[in-house]
1. Test of understanding: among A:Pro96, A:Pro175, A:Pro84, which residue is more than 9 Å from every other protein chain (Cβ to nearest Cβ), at pLDDT below 90 and in contact with a helix residue (DSSP H, G or I) (Cβ under 6 Å, 6 or more places away or on another chain)?
2. Identify all residues within the stretch B:82-121 that are of a type in the set (Gly, Ala, Ser) and either assigned to a strand (DSSP E or B) or surrounded by fewer than 19 Cβ atoms within 10 Å (Cβ to Cβ) (or both); write none if there are none.
3. What tally of residues in the stretch B:102-140 results from selecting those that are within 14 Å of chain A (Cβ to nearest Cβ) and among the polar types (S, T, N, Q)?
4. Within the stretch A:114-126, how many residues turn out to be facing chain B (nearest Cβ under 7 Å) and assigned to a strand (DSSP E or B)?
5. Scan A:Lys230, A:Lys157 and give me the residue that is out of contact with any Gly (no Cβ under 7 Å at 6 or more places or on another chain), at pLDDT below 85, over 30 Å from B:Arg107 (Cα atoms) and not polar (S, T, N, Q).
6. If you scan the stretch A:209-237, which residues turn out to be of a type outside the set (Phe, Trp, Tyr) and either surrounded by 19 or more Cβ atoms within 10 Å (Cβ to Cβ) or under 27 Å from the mean Cα position of the chain (by Cα) (or both)?
7. In the stretch A:252-267, is there at least one residue being in a strand (DSSP E or B), among the basic types (Lys, Arg) and either within 26 Å of A:Ala229 (Cα to Cα) or in contact (Cβ under 8 Å) with a residue 60 or more places away in the chain (or both)?
8. Could you pull out the residue among B:Leu158, B:Leu150 that is of a type outside the set (D, E, K, R), surrounded by 15 or more Cβ atoms within 10 Å (Cβ to Cβ) and within 14 Å of chain A (Cβ to nearest Cβ)?
Amino acid sequence: MADNKNINPRRPIPSDRYDKLRENLSSGFADNFPVESFPPPSNRANIIKGDITTRKDDTVREVYIGLEDHDKAIAYYFENIIKPHVLVNGELTKVPVLYGSAERFKAVQQDGYYRDKEGKIQTPLIYFKRNSVEKRRDLGNKIDGNNPQLYYTFQEKYTKKNQYDNFSVLQNRVPQKEFHQVVIPDFVTLTYTSTIWCDFISQMNGIIESINYSSDTYWGDPEKFKFNAKIDNFGNTTELNVGDNRIVKTDFTITLQGYLVPKSINKLLSQKPQKSFSKSTFIVNNEVSLVKLDGPTLGRGSRTDRVPQDRGEVRELTNSEGITNSLNVEHLIDGIGFSAIGDDFIIF
Amino acid sequence: MALFGGSRDISLFNTISKELINDIIQTEIAYYKFTLEHTKVNVYGEAPQKNYYEPIKIASLIDRSDQTWTSDEFGPDVNQNITFTFLRKEFINLNLFSDVGDLILFRNNFYEVDGRIENQLAFGKDPDYALSTETSDFGGNFSITLSTHLSRIEKLSLVPLKGGKYPTTVKSQGGEANKLEY
């Protein structure tokens, strides 16, 4: 405690606010002072427990969409959807797709399958490379990175809190919903340049046609993220230089409409809890079993006596006669349903 | 009338050069001659499926330059230019007319012929183009030099040769060029 602080006079410790408060309370400046005992300082942060949701055993990961996801989307689409192929000496040959300007060891040693023994590149090849990331200001954003205000909420289809059992059905339990909040992403436009390198124009034509067909569609892995990709023009180059091989290349630009949800520490510190649940409710119908001891017959008897049909009518009967237990019924057990069994026994 | 460089002199040069290249220096290459008549060319002037005659082993003088490495978005790439020099007499014996576009196999790499130099004239005379009968037996076209570059071609369709010689070129007589004699 601050009272028992062992203060070294050679190294005085400045008083903090708590010490100042204790000095003031102990000064005897008013009645009831000094205070003999007062609560210790609260070390607890201002925590709303409702916001604390465990992510243990959670199958929903923190939503993160990075630049690499965009790059992978293009690579996936080339590899698995467009699948560029050319005829080389009558054999259908897959065209390798690379990310531009890879490290030397990767380009020469790991990707040696498209090189000969001297290390000369064997065509056809396709590379793509990200050139720029431009922020889109014509779409919404999270308003403030220090205190994001706009969130997108989606509901998880299954939550373990709603495990189905008969009890939940019988009790009219309203299923609890699991929600996840994701901050509104930063919408960006990514620009990629890509080049197709072939031996022949006749090979190039087929590749251009297949890529152009995929323009203006959504590129990416269906299991992950897909982004709208646009290709406006293809620039063809055919060169024949002395002392070098014939060059047949086509350059084109891919414009990708992307969005970013970073994994940065400032985002994690400022974001609101990602996971939340709807209110868990269940409706209890209090069912009472009654047995008539005397008086008019209950249930659907053959007589014309007024027969209470439900719990409310039983209550009214009781109130109108002003006598408690006018029907002289006895509460036996809690039960289910509404039925009259015989003349003297009714179950609500 | 010319004093030196008669046919006997040229014959001596040829014999010495042939022995020097084939038996002493003995650096050999495989020559792949392009078969024009077997190759279909598209509208872009390219043949995705090229055909070559089966290779013939020829000795030559080889002037190798160092490999040059360049790098771009596709990664590092290598090129090498090599100059091969042959005795012209050897080509004539094989009925081989070398030209741009042929391939040469050397150290298990294919080199595509970029240019053909035929400019080493003994005594400055070429008897094939002598203007007067007095000089038709003097001098000689001595060598053929082919400048090449490292090619990307990795698979070839080969046409077999008959008798280890290239088919006769009979175009000057009105027939087909490089007609195969099966």
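1. Checking each option against the conditions leaves just A:Pro175.
2. Going residue by residue through the stretch B:82-121, those that are of a type in the set (Gly, Ala, Ser) are B:98, B:101, B:115.
Selection gives B:Gly101, B:Gly115.
3. So the count comes out to 2.
4. Looking only at that region, the number is 2.
5. Checking each option against the conditions leaves just A:Lys157.
6. Step one: of the stretch A:209-237, the residues of a type outside the set (Phe, Trp, Tyr) are A:209-212, A:214-217, A:220-224, A:226, A:228-233, A:235-237.
Matches in the stretch A:209-237: A:Ile211, A:Thr217, A:Gly220, A:Asp221, A:Pro222, A:Glu223, A:Lys224, A:Lys226, A:Asn228, A:Ala229.
7. Kept after step one, since they are in a strand (DSSP E or B), are these residues of the stretch A:252-267: A:252-261.
Subset that is among the basic types (Lys, Arg): none.
The answer is no, given that none of the residues of the stretch A:252-267 is in a strand (DSSP E or B), among the basic types (Lys, Arg) and either within 26 Å of A:Ala229 (Cα to Cα) or in contact (Cβ under 8 Å) with a residue 60 or more places away in the chain (or both).
8. On the way: B:Leu158 fails: surrounded by 15 or more Cβ atoms within 10 Å (Cβ to Cβ).
Exactly one of B:Leu158, B:Leu150 is of a type outside the set (D, E, K, R), surrounded by 15 or more Cβ atoms within 10 Å (Cβ to Cβ) and within 14 Å of chain A (Cβ to nearest Cβ), namely B:Leu150.
The values are calculated or read from the model by the stated rules, or taken from the named source; none is laboratory data. In this text the structure is predicted, and so the values were computed from the model without any measurement. Glycine also receives a Cβ, built like all others from the backbone with ideal geometry; neighbour counts cover every protein chain displayed.
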